[in-house]
Amino acid sequence: MPLLKFKAVKLIPRGPVRGLPRADTIFGAIGNAIATLFGARAVDELVEGFERGARISSAFPFEGDTYYFPKPLSAGVLDLEELLKDLSREERYALGKAMKKVTYLNLENFEKALRLEPFGFPTVLPFRRVNVPRVALDRVTSDSSLYFWDEVRFKENSGLYFLYSGDEDIFNDYILPALRYLSDTGIGGKATWGFGLFDFQVGELEINAPESPYSATLSNALPTKTPVLWNVLRKGGWSFGKRKPKVNFIAEGSIVADDPGRIIPLDLGLQCKVHVYGLVFPVPARVPEEALRGGNCP
């Protein structure tokens, strides 16, 4: 089995965040930081480095030394009979239903899911989404109105991380300076309210993956051909105050076959082009034969 080694960048929040940033959001924030720090040519060099093979994943939760990963869609069609055989009918129903709703797996169980082996799953994750009331004031009349928004709060000694694979020079010359800048300016907006600010640590992470011609993507991606198993994610965003058009991605955990994904350049009337990141962050994953015959999304 191949042993895959990556850089793991822990983002330790200084407060709540608006959501878990996906790969396109992280790349966009890095690109904006590089444009501010070094100019448009440096952004082109960053994009060229990723087109040559560098990759980043979306952000996922961690707690201490425990890293969580998105459940591969290939495991969603796994036959659970072996795992559930010793349970009562009621227990089988409850556990089978819970496993289908699982979003994240720790590293050990993620590796089992990649191999299509029976896996366990966490009952509690180190973050929670909170619906927070806010008050808006009319600038003319000063009338107030109540509204709600979601924010994500993390337990102590937990936060987010993303993976990097590729050239050391790209990481040292571009990713690290961008992270230093973004730690005080934020990822995901509302930094002036204290959202998206973080400290960061860089470590390493290894994944024991199976031999397979198929891969689970750890980034939301823009495939160049039809995926094997996928969930569609429609997503837009902002760049330097300009709204980006919504694009159809495949979500993390989707299964592809020999597909690098792509980066889409956009002209939003800014001094430099905006690049929508959609490269696949591949981890080999076995796929059940019945899923290959079905050829559709779960």
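Every number here is computed from the coordinates shown, using simple stated rules; none is lab data. Note that the structure is predicted; figures quoted are calculated from it, not measured. No Cβ is skipped: glycine too gets one built from the backbone with ideal geometry, and neighbour counts run over all protein chains shown.
For the cross-link pairs 242/273; 5/155; 10/244; 5/235, the ones whose C-alpha atoms lie over 21 Å apart are 5/155; 10/244; 5/235.
Residue-wise HN-Hα couplings along segment 36-45, as the Karplus relation 6.51 cos²θ - 1.76 cosθ + 1.60 with θ = phi - 60° gives them from phi, are 5, 7, 10, x, 5, 4, 5, 5, 4, 5 Hz; Gly and Pro carry x. Using the Cβ-Cβ distance between residue 204 and residue 51 with R0 = 35 Å, the FRET efficiency computed as 1/(1 + (r/R0)^6) comes to roughly 0.90.
Electrostatic bookkeeping for residue 267 treats Lys and Arg as +1 and Asp and Glu as -1; over the other residues with beta carbon under 12 Å from its beta carbon, the sum is +3. Each peptide in 252-263, 116-127, 172-183 gets a packing score, the mean of other Cβ atoms within 10 Å over its residues, and the list from highest to lowest is 252-263, 172-183, 116-127.
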